[in-house]
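Contents: one structure, followed by commentary.
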Amino acid sequence: CYKVSWNFDMVLVSQNRDSVMIEDGKRVAVPAGQQHDNPFIHEIEVAGLGKLEAFPNGDALHYVEMLDAAKGLRRSGRYTLRWPGWSAFWAPLKELGFLSEDKVPGTGNSPREFLGRLLGPQLQYGPGEKDLCVMRNVFSGLEDGRAKT
């Protein structure tokens, strides 16, 4: 079962976040509605874990500018890693409106708020269970005229 060690509502909010990447030196905007579409998803292999699904989640250009790394940059992205199948699960829920912020008439809550309140408590870790965080930063370019990663 999928578990969360943080605020599950923020997991839901992040499923509706526009993203910005750089591909082939050009800015690519990924609207939240397309974040889980196949052209933007790739898998990475993590030793000891196996394959993880990576999908765009946030503004990579923010970090490019913060690090003053834009000159000559060909590719940059900010991705969230999840077990394979994450995007296939969330894409139809998003399309059906389950992540909408619009209040459902007569309830006072949005579908996203409902999901957060329903699932959040059920997905918390129990005693003795542990969380895992994987972060991968890959930089490649030229150093002293030679390719380096």
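Here are some notes:
- DSSP beta bridges in the stretch 18-149 [antiparallel fraction, %, rounded to 5]: 95 percent
- If R0 equals 25 Å, the separation of the Cβ atoms of Asp102 and Asn137 corresponds to a calculated FRET efficiency of about 0.10.
- Using a cut-off of 24 Å between Cα atoms, the listed pairs Lys51/Lys71; Lys3/Lys94; Lys94/Lys130; Lys71/Lys148 include Lys51/Lys71; Lys94/Lys130 as exceeding that distance.
- Ellipticity estimate at 222 nm from DSSP helix runs (n ≥ 4, -39,500 (n - 2.57)) divided over the chain, nearest 500: -6000 deg cm²/dmol
- With respect to the chain, whose longest principal axis is taken over its alpha-carbon atoms, helix 86-95 is tilted by about 60°.
- Kirkwood Rh in Å, taken over all unlike Cα pairs in the stretch 16-149: 17.5 Å
Every number in this text was worked out from the coordinates using simple rules, so none of it is lab data. What you are looking at is a predicted structure, and each value in this text was computed from that prediction instead of being measured. With ideal geometry, Cβ positions are generated from the backbone for all residues, glycine too; neighbour counts draw on all protein chains shown.
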